[in-house]
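Have a look at the structure below before the remarks.
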């Protein structure tokens, strides 16, 4: 059997009309989920850090997140298209959120609201980010950010415990002054530390595979 040459494969990909993203050897694919918290603006810095660490970053935003930061900002920083709804996925026959779920080496949701935590805990999937969380077999890291009373509510604590039992990792939240004017537990963890934890989980995955 004759191996297919690089030129012919590139021509075939072009003829098929599918967008093909080629990863550099050793490059990891990180799906960065952004939800509707005032801390969503910090996802810009996080996306930039992940790219600087040498990873392919694909941002998936909830509808509420787009009220706090524009998809164009995150598209520019990640250098990849941003998904905000199922209707963004018109490039090929294969749903884009499933392709991202399969490709991901890590699903990182930062900030993670009480709403997305509840959706993940109960297996709801009515938008691309929640659907990716259900479909992926990659490690999942959540960085919560919300009002302190919401974080401490028994319903939220139950949802967090459910997810931890399934192997989901959490970083934060931390204590401090919140956007709502209260001081307490609920602030998004430091962005540099979130990026470091993401790197740790990616390295741990390599060690497990080895």
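Residue check: is residue 12 more than 26 Å from residue 164 (Cβ to Cβ), assigned to a loop (DSSP other than H, G, I, E, B) and modelled with pLDDT under 95? Full working, then the answer.
Values: more than 26 Å from residue 164 (Cβ to Cβ): yes; assigned to a loop (DSSP other than H, G, I, E, B): no; modelled with pLDDT under 95: yes.
No, not satisfied.
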Hey, any hits in the stretch 31-41 for a residue that's in contact with a helix residue (DSSP H, G or I) (Cβ under 7 Å, 6 or more places away or on another chain), at pLDDT 95 or above and over 15 Å from residue 112 (Cα atoms)?
no
Which of the residues that make up the stretch 149-176 are outside any helix (DSSP H, G or I), surrounded by fewer than 19 Cβ atoms within 10 Å (Cβ to Cβ) and touching a residue at least 12 places away in the same chain (Cβ under 8 Å)?
153, 167, 169, 170, 174, 175
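Can you say whether residue 134 is in a helix (DSSP H, G or I), over 26 Å from residue 190 (Cβ atoms) and in contact (Cβ under 8 Å) with a residue 60 or more places away in the chain, as far as the supplied structure shows? It would help to see each step written out before you state the result.
Details: in a helix (DSSP H, G or I): yes; over 26 Å from residue 190 (Cβ atoms): yes; in contact (Cβ under 8 Å) with a residue 60 or more places away in the chain: no.
So residue 134 does not fit the description; no.
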In the stretch 27-49, the residues that are assigned to a helix (DSSP H, G or I) and either without any contact (Cβ under 8 Å) to a residue 12 or more places away in the chain or surrounded by fewer than 24 Cβ atoms within 10 Å (Cβ to Cβ) (or both)
38, 41, 42, 44, 45, 48, 49
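The values are calculated or read from the model by the stated rules, or taken from the named source; none is laboratory data. If you're wondering where the values come from, they're calculated on a predicted model, not measured in any experiment. Cβ atoms come from the backbone with ideal geometry, glycine included; neighbour counts cover every protein chain shown.
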